[in-house]
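Engineer: Input: one structure, supplied below.
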Amino acid sequence: MLIADDDAVTRSGLGTLLGAQPGIAVVGTAADGVEVVERVRRLRPDVVLMDVRMPRRNGIDATRELLREHAEPPKVVVITTFENDAYVTAALSAGASGFVLKRRPVPQIAEAVRVAAAGEAVLFPAALRRMVAARPLDPVEALPRAALTGREEGVLRLMATGLSNPEIAQALAVSQETVKTHVGNVLGKLGAQNRTHAVVIAYESGLVVPGLPGV
């Protein structure tokens, strides 16, 4: 993994602590979004732990650049201090796989890195609910245009609760392959980078409303 943060103490501390976690190797660090793009080209990490508020180029623009430049880009996990940071939601919409709070214990941050490396969404429904509820939402047209089927909308609602594919399959009494097909259709119709981005679209389109039972 590569750690991107404009604070040298944070970079050093996270590098030392995360590098000591099982299954994680820290291959480098970056102080801003420009360095992130340059060092990903050279070091090819599997995951970038990305701060969003950085000089020269912020984490949102750096995330977009990584996804645009690489056929197989690294997974991006945003690390943030504030749950309701609008920058974080923008980074998720840009293609980040999820986010983690800086105040979480190091083993939890390490687990988020492992989950992202495995291709899963680093999605914390409670934190995401608070994030989107704390800021005005601009209507998103992707969902109305997508013409999701009723089953696809149901799968998206379950994704928004943080359920994995096996858990969705159990909830709907269908096979995991069927769920995988529905999730793929949802992402394709929404034009979403990943399932986390799809959940953000669901919130911003009003399909999923923070605070309602089961959400």
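The values are calculated or read from the model by the stated rules, or taken from the named source; none is laboratory data. Model, not experiment: these values are computed from the prediction. With ideal geometry, Cβ positions are generated from the backbone for all residues, glycine too; neighbour counts draw on all protein chains shown. All accessible areas refer to the heavy atoms of the entire protein, side chains included, with ligands and DNA or RNA removed. Shrake-Rupley method; radii C 1.70, N 1.55, O 1.52, S 1.80 Å.
Engineer: Taking a probe of 1.4 Å, how large is the accessible area per residue of segment 23-72, in Å²?
Structural biologist: 51
Engineer: With a 1.4 Å probe and every protein chain kept in, tell me what percent of the accessible surface of the chain is carbon plus sulfur.
Structural biologist: 51
Engineer: Assign unit charges at the C-beta atoms only (+1 for Lys and Arg, -1 for Asp and Glu), then state the dipole size of segment 25-68 relative to its Cα centre in Debye, rounded to the nearest 20.
Structural biologist: The dipole of segment 25-68 has a size of about 140 debye.
Engineer: Pull out the extension gain between HIS70 and VAL34, defined as 0.36 nm times the separation in residues minus the alpha carbon to alpha carbon distance; nm, one decimal.
Structural biologist: That works out to 11.4 nm of additional length.
Engineer: Compute the signed sum of charges (Lys and Arg +1, Asp and Glu -1) over the other residues within less than 15 Å, Cβ to Cβ, of PRO73.
Structural biologist: Around PRO73, the charge tally is +1.
Engineer: A further question follows. What does the net charge come to around ASN185 if you take all other residues with beta carbon closer than 15 Å to its beta carbon, with K and R at +1 and D and E at -1?
Structural biologist: Local net charge: +3.
Engineer: I want the local charge near PRO22. Using Cβ-Cβ distances under 14 Å, sum +1 for each Lys or Arg and -1 for each Asp or Glu among the other residues.
Structural biologist: So the surrounding residues net to 0.
Engineer: Check which residues have an amide H placed less than 5 Å from GLY98's amide H, if you skip close sequence neighbours.
Structural biologist: VAL78, VAL122
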